[in-house]
Amino acid sequence: MSEGKIQKNPYTFRQGTNDAEFKFGHCTSDGVIDAVLIRSGWFHNHYISLGATGERHRRGGILARCPGSFQVKAGDTIGGQDNGVYMRTENGNILLAAPNGKIILDASNILIRSSGGPNSTGTVTGDVLIEANNKVLVTGLGDGVTIEGNSSVKIVSEKQVDVIGQSVCNIYGGVLDMADGNATATTDITGKLKSKTGAPKLGGPASALISGFVGGLVKSIIGDNEQSQSGIWGSLLGL
């Protein structure tokens, strides 16, 4: 038979009653042959079909359609480490969609793992993407939440980021580099170039103010000994 649209199959065989029917070689309304069709007599859109011809995703595929709920319950006699329900596709995607409801994963433990890598075209896979039109909420009620990254971890917000430790907030780093909005300006009020952190560089009135303050502090601690003052002064300012 042709793989194009088929209007009639002379080998079709049908049997049925008012309650249900089954067909071998059923010709569908879009011109595809189903090897087997089982359909309810109560609902026209309640059937299971085994595709024989048509496009790649139809040929050799199974269609299950029902106006009510589709439920699978299994695993009554298997062990706790066995797969009670197993779904796998060798190629293509697995799509779970609930446009007017929720997708709920409920288990004693849930593992989401992306084990991809460079494919035949050179594209690197292995990503996990979570996207929401409104909020993404992550809550750890027991030992909290741990986020780790081998290369980097980035938290970005267009407006506000709060880091809150109700008891203790620890921030560690081999090097800590912080800058606020003041650091985005190219000069300070004295006209001098600004550092990345916003603190004034040595030189100018700001430097003189700092030098006077540190000098007075050193003098008050060790007295008028010039040699001692020079040593500590040099250590503080790196001169």
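List the trypsin sites (Lys or Arg not before Pro) within the range 1-92 that DSSP assigns to loop and that have no more than 13 neighbouring Cβ atoms inside 10 Å.
Those satisfying the criteria are K5, K8, R56, R59, K73, R88.
Taking one equal scatterer on every alpha-carbon of the range 1-75, how large is log10 of I(q)/I(0) by Debye at q = 0.11, 0.19 1/Å?
Reported log10 I(q)/I(0), two decimals: -0.30, -0.81.
Distance from the Cα centre of the range 6-27 to that of the range 57-91, in angstrom?
Centre-to-centre (Cα) distance: 26 Å.
With θ taken as phi - 60° and the coefficients 6.51, -1.76 and 1.60, list the Karplus ³J(HN,Hα) couplings across the range 32-45 in order, rounded to whole Hz; mark glycine and proline as x.
Ordered by residue, 3J(HN,Hα) equals 10, 8, 9, 4, 9, 10, 10, 9, 6, x, 8, 9, 5, 9 Hz.
Bear in mind that the values in this text are calculations on the coordinates, not laboratory data. What you are looking at is a predicted structure, and each value in this text was computed from that prediction instead of being measured. Positions of Cβ are generated from backbone atoms using ideal geometry, with glycine treated the same way; all protein chains shown enter the neighbour counts.
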